[in-house]
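**Q** Take this structure, written in structure tokens, and hold onto it; I'll ask about it next.
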Amino acid sequence: SIRKQIILAMAISGGLAGMVGINEVLGYRHRYYDGFSANYGFVGIAVALLGRNHPVGVFLAAILFAILLRGGIFVDAFTMHVSKDIVDMLQGLVIVFVAAEAIFRGPLKKFGLMKRVRV
């Protein structure tokens, strides 16, 4: 059945993610330490949101976020007064605007304020 297939797929993907997590935690320092992750999960959720779960959109969003992250490291290394935390702020703004569009889409359609555009 479809329900069993979904549960099986989630169990397999959870197991694979767990194996990657074990490698991330135990591979370098051989113990768990605070801040071991580079926020891969949160960045992945943001990329999926921005790409709207479409393969091409996710690919383009991943490239955008990679440029942001690498640019933040570059800015932090070569400037004195600009922190790489600005990248986190930009990522947060992207998520807020994408989420705001999704939140307000229903009420805008309800009141007829959103028109359909054909491309």
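The values are calculated or read from the model by the stated rules, or taken from the named source; none is laboratory data. Just so you know, these numbers come straight off a predicted model, no measurement behind them. All Cβ positions, glycine included, derive from the backbone under ideal geometry; neighbour counts span all protein chains shown.
**Q** Tally time: how many residues in the stretch 75-88 are surrounded by 11 or more Cβ atoms within 10 Å (Cβ to Cβ) and either assigned to a helix (DSSP H, G or I) or out of contact with any Gly (no Cβ under 6 Å at 6 or more places or on another chain) (or both)?
**A** Going residue by residue through the stretch 75-88, those that are surrounded by 11 or more Cβ atoms within 10 Å (Cβ to Cβ) are 75-76, 82-84, 86-88.
Then drop every residue that is not either assigned to a helix (DSSP H, G or I) or out of contact with any Gly (no Cβ under 6 Å at 6 or more places or on another chain) (or both), which leaves 75-76, 82-83, 86-88.
The number of residues fulfilling the criteria is 7.
**Q** While we're on this one: Considering only the stretch 18-51, how many residues are of a type in the set (A, V, I, L, M) and farther than 24 Å from residue 92 by Cβ?
**A** Residues meeting the conditions: 5.
**Q** Next question, about the same structure. Counting only residues that are surrounded by 11 or more Cβ atoms within 10 Å (Cβ to Cβ) and not in a helix (DSSP H, G or I), which one in the stretch 38-54 is modelled with the highest pLDDT?
**A** 54
**Q** Which one is nearest to the chain's Cα centre (by Cα), of the residues in the stretch 77-102 that are of a type in the set (Val, Ile, Thr) and within 26 Å of residue 52 (Cα to Cα)?
**A** Among them, the one singled out is 95.
**Q** I've got another one for you. When the residues of the stretch 1-37 are filtered to those that are of a type in the set (Lys, Arg) and in a loop (DSSP other than H, G, I, E, B), which remaining residue is farthest from residue 69 (Cα to Cα)?
**A** Per the criteria, the residue is 31.
**Q** Quickly run through the stretch 28-85 and pick out the residues that are in contact (Cβ under 8 Å) with a residue 24 or more places away in the chain and over 15 Å from residue 98 (Cβ atoms).
**A** The one that is in contact (Cβ under 8 Å) with a residue 24 or more places away in the chain and over 15 Å from residue 98 (Cβ atoms): 69.
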